Amino acid sequence: MNKLLRQPYWFAALIGLSLSACGGSGDDGTSEPVQPVVTYPSYTSVIALGGDTTTFDANSSGHGFSTPSVNLTEDELELHLEGDANFEASFTTAPNDQHPELDGLGPVFNNADCNSCHQRDGRNSTPIVAATETRVKLGSADGIFLRISKAAAEPCIAGTVDNNYCAPIKVPDFGDQLFHRGVLKARADWQDNSFVGQADVYLSYERHDVVYSDGQTVSLKKPVFEVENPYDAPGETKQSANVTSNLLQDDVLMGWRNGMPVFGLGLLEAIPEASILANVDADDSNNDNISGRANWVFDAIKAQNGDVTPVSLGRFGWKANTPSVRVQSLGALRGDIGITNPLFPDESVLGTSLHDSYLTRTGFVDTGEGVDGAPEASAEFSDAVVFYAETLAVPARRNVDDSDVREGARLFEQLNCSGCHTPSFVTKTSGDIGGIAMSDSLKGQTIYPFTDMLLHDMGEGLADGRPDFLADGNEWRTRPLWGIGLTQTVNPQAGFLHDGRAATLEEAILWHGGEAQQSTDDFMALSQDERSQLVTFLMSL
């Protein structure tokens, strides 16, 4: 018998596999090319991004971000819906005898309700500058605002009680946020500046083109803000011959902010701290040019509870400058709207010349207390709106079997986008969030937010130059990508990035610099079809 034929059957099978690997014969006797084996990331086909909280019923709806987590109990759903009503409540000037629960707006503020900055629980509309205009004045329809602070003499490296835990240095007589709207008579010069807040803010855009190697061109716009007519020097601008306003001094730093989506926040807070810190690589020890850092920030809850070191890991805000949904939500209630609450019982402009003058001139009882002597928002109101933000469902993915979506996922990994946009975490199974017992709906969930929750240097193009606790002027927290494909389904006028400058996800990618520069360069080197596939993957999230 032939020696080859005497070999065991497995040997023959091995020969067959070897021939197959080398390419079989075609009908014409020629060798057929071998199709390479394509490996896709493990998250390519994942649909339930929010684990058991995920909603599958709102993917093509303008209210796709407004669904309660599907695993809430009946009592929790009732509390969530109460918080929903509070989130949309529009506040009025004090006093409001018919609805005292809604008074206390301002006297200076950015918007009168939460929904105006987070339209339908997503992003707000990006202001448009008409072709016939050079700039537009921010007003009641805009959810963008400016953070302000004084430049420090030197960078703050570690927070202590002596340096106020590296918190931004407030601008004298203004604070750390610019309120461009005001109630009637908020300013002493109100006859000429009715409903103007601390100052007027104007927006214009600078534009430049990015050209791919294949000749395709993308036009990018960068917002430019100008602040004028401050209340402490009416009519003054940065170009005035003698600048006297505290706000217009050269050492005042300004950083513009866009309202973020508010779904899935409870899940992000439920990520174990150790899981986030495991991705910290401040010295880039693995040489991938990515060096995520944690921001350690003042925690108002710990301070209220008497903690001697009231500092926590920053998780929320564009620079991870707040530690919990409770601090973020109630800080915005007091800051953006002017409504005091149990966590922040003092007016944000307390002690400023503007507030003192307002109380003296009007006689209004607007000191931050209601008629009962308590903060303007009750504990019940505050708890409900916080729970609402914690328990909005994450929308399910779409089109996961589409070949372009799958190829886009492969490219997302190939370009190392996942180096910052960490795909998944598992939430903790016990403990509290924001100092309150955590809902069972958030516990032990495998989630896919596509963020590492850390700070990264994103380059000069996106920099605002304004430090925030340990975050420097170039650093931003990695934005979660879940739900991003529904952004403009929820609000067709929404933009991307911290100031809404990017009208598309492609534009947002092209703005990435710093630690993301290599990924951006690799994206630009792709073919047009490949670039489209990557964006198609992002749109599936």
Can you give the longest stretch of the chain with no exposed loop site, where a site means GluC sites (Glu not before Pro) in a DSSP loop (not H, G, I, E or B) with at most 15 other C-beta atoms within 10 Å?
134-459
Karplus-derived 3J(HN,Hα) from phi for the range 40-51 (6.51 cos²θ - 1.76 cosθ + 1.60, θ = phi - 60°), whole Hz, x at Gly and Pro, runs 9, x, 4, 8, 4, 9, 5, 10, 7, 5, x, x
Calculated FRET efficiency, Arg135 and Ala188, Cβ-Cβ r, R0 22 Å, to nearest 0.05?
0.25
The range 332-391 and the range 35-103 have their Cα centres apart by a whole-number Å value of 25
Considering only the chain, percent of DSSP beta bridges that pair antiparallel, nearest 5
95
How do His180, His421 rank when sorted from fewest to most other Cβ atoms within 10 Å of their own Cβ?
His421, His180
Pull out the extension gain between Leu350 and Phe56, defined as 0.36 nm times the separation in residues minus the alpha carbon to alpha carbon distance; nm, one decimal.
101.3 nm
Do the sum for the chain: with -39,500 (n - 2.57) for every DSSP H run of n ≥ 4, divided by all residues, what is the mean residue ellipticity at 222 nm, to the nearest 500 deg cm²/dmol?
-6000 deg cm²/dmol
Residue-ordered couplings for the range 266-277, obtained by feeding phi - 60° into the Karplus form 6.51 cos²θ - 1.76 cosθ + 1.60 and rounding to whole Hz (Gly and Pro as x), are x, 5, 5, 6, 7, 5, x, 4, 4, 5, 6, 5
Fewest Cβ neighbours within 10 Å first, please rank Met524, Met453 accordingly.
Met524, Met453
Here FRET efficiency (C-beta to C-beta, Ser31 to Asp288, R₀ 56 Å, nearest 0.05) is 0.90
How much length is gained if the chain between Ala241 and His63 is pulled fully straight, taking 0.36 nm per residue apart and subtracting their Cα-Cα distance, in nm to one decimal?
59.1 nm
Inter-site label distance for Phe364 and Ser527 at 7 Å from Cα along Cβ, in nm:
6.3
Skipping prolines and chain starts, which residues have an amide H placed within reach, meaning under 5 Å, of the one on Thr322, given they are 5 or more residues away or on another chain?
Arg315, Phe316
Search the structure for amide H atoms under 5 Å from the amide H of Tyr205, placed 1.01 Å from N in the peptide plane, and list their residues when 5 or more places away or on another chain.
Val224
Here the relative contact order (percent) of the chain, from C-alpha pairs under 8 Å and at least 6 apart, is 21
The rounded separation in angstrom of the Cα centers of the range 482-522 and the range 225-264 is 26
Residues in the range 156-170 near a label at Asp472, defined as backbone nitrogen under 14 Å from the 7 Å Cα→Cβ point?
156-158
Cut-off under 5 Å, modelled amide H: who pairs with Gly483 long-range
none
Tell me the relative contact order for the range 463-525 as a rounded percent, counting alpha carbon contacts under 8 Å between residues six or more apart.
13
J(HN,Hα) series, the range 413-422, from Karplus relation 6.51 cos²θ - 1.76 cosθ + 1.60, nearest Hz, glycine and proline x
6, 4, 7, 6, 4, 6, x, 10, 7, 4
Distance in nm between label sites at Ala278 and Asn96, each 7 Å beyond Cα in the beta-carbon direction?
4.7
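FYI, it's all coordinate maths here, none of it is from the lab. For clarity, every value in this text was computed on a predicted model and none was experimentally measured. Backbone-built Cβ (ideal geometry, glycine too); neighbour counts: all protein chains shown.
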